[in-house]
Amino acid sequence: MKKLIGILISFSLVMAMGCTQTRYFTSSDTSYIPVYSRNENCNLVGFKPGLEPAGFNGVKWETELPTLKEMKLYKKEPSQGGVNFYLKAGDEYKLRNGKLLPIYYGFWKDKFYVGVVKTEEASDWEALKESVFEKYGVGAKPFNNQEEYLWIGKDATMALRYDRYLKMGTYYIRFHKMEKQMN
């Protein structure tokens with residue numbers, strides 16, 4: 001069990017470093033460098049039976065980009081293994097407070113790999129966290145001093161993370177099989 005917790009924490013650190021902005025380490029502002037305090041009581045959390053996502057917002061894992069209509073390129077991420085992010089016209093994530101946020105669909109080699117939603121206000125973060133917890137339950141909390149939650153399933157990993165420094169929340173679900181192919 002300790003080995004699994006160690007793997008979870010290592011995985012989370014890699015994701016935290018890989019998904020954060022590089023300003024932490026390149027900015028002259030050194031007042032904030034993330035330091036994580038391991039949660040010794042953290043246990044792996046999976047999805048409730050029948051709730052593991054087979055995709056994100058109706059788009060199934062490995063769906064080929066050309067089969068989806070109205071996808072517009074948002075950003076190319078060569079540093080993220082060549083994942084390209086797209087927005088779909090009229091497709092938004094509805095928060096509990098009624099606000100709509102864009103959904104970013106990540107494709108690797110033109111196959112759907114990850115869905116992402118980001119918040120830029122504390123109230124939106126709280127609404128996002130409430131909606132995710134309501135649907136999936138509270139995830140594993142690998143760090144005492146970081147608001148981050150993880151769910152590890154058979155086919156997908158889901159994370160919910162809030163960066164106090166940037167005041168930005170991130171929610172994503174990604175497909176394990178493609179992640180393994182990327183490495």
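Quick notes on this structure:
- Every residue from region 52-80 that is within 30 Å of residue 137 (Cβ to Cβ) and among the β-branched types (Val, Ile, Thr): 59, 63
- Qualifying residue in region 54-66 (condition: under 17 Å from the mean Cα position of the chain (by Cα), without any contact (Cβ under 8 Å) to a residue 60 or more places away in the chain and at positive phi): yes
- Positions within region 145-167 being over 16 Å from residue 133 (Cβ atoms) and surrounded by fewer than 21 Cβ atoms within 10 Å (Cβ to Cβ), in sequence order: 145, 146, 152, 153, 154, 155, 157, 163, 164, 165, 166, 167
- Looking only at region 112-165, residues that are among the aliphatic types (A, V, I, L, M) and in a loop (DSSP other than H, G, I, E, B) come to 1 in all.
- The set of residues in region 117-144 that are buried (at least 19 other Cβ atoms within 10 Å of the Cβ), modelled with pLDDT of 90 or more and among the small types (Gly, Ala, Ser) contains only 127.
Residues are listed down the side, and each one gets a yes or a no for (1) within 30 Å of residue 181 (Cβ to Cβ); (2) in contact (Cβ under 8 Å) with a residue 24 or more places away in the chain; (3) among the small types (Gly, Ala, Ser); (4) out of contact with any helix residue (DSSP H, G or I) (no Cβ under 8 Å at 6 or more places or on another chain):
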| residue | (1), (2), (3), (4) |
| --- | --- |
| 103 | yes, yes, no, yes |
| 111 | yes, yes, no, no |
| 116 | yes, yes, no, yes |
| 123 | no, yes, yes, yes |
| 151 | yes, yes, no, no |
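- Candidate set: region 51-77, residues that are in contact with a Gly (Cβ under 9 Å, 6 or more places away or on another chain) and of a type in the set (Val, Ile, Thr); chosen: the one nearest to residue 101 (Cα to Cα): 59
- Any hit, region 113-127, residues being of a type in the set (Ser, Thr, Tyr) and in contact with a Cys (Cβ under 9 Å, 6 or more places away or on another chain): no
- Residue list for region 25-75, restricted to those being in a loop (DSSP other than H, G, I, E, B), among the polar types (S, T, N, Q) and either within 22 Å of residue 150 (Cα to Cα) or at pLDDT 90 or above (or both): 37, 39, 41, 43, 57, 63
- In the set (1) more than 18 Å from residue 53 (Cα to Cα); (2) within 16 Å of the chain's Cα centre (by Cα), residue 151 fails one condition alone, (1).
- Among the candidates 97, 84, residue that is of a type in the set (S, T, N, Q) and either surrounded by 14 or more Cβ atoms within 10 Å (Cβ to Cβ) or touching a Ser or Thr at 6+ places or on another chain (Cβ under 6 Å) (or both): 84
The values are calculated or read from the model by the stated rules, or taken from the named source; none is laboratory data. Since the model is a prediction, treat every value here as computed from it, not as a measurement. FYI the Cβ positions are ideal-geometry reconstructions off the backbone, even for glycines, and counts take in every protein chain you see.
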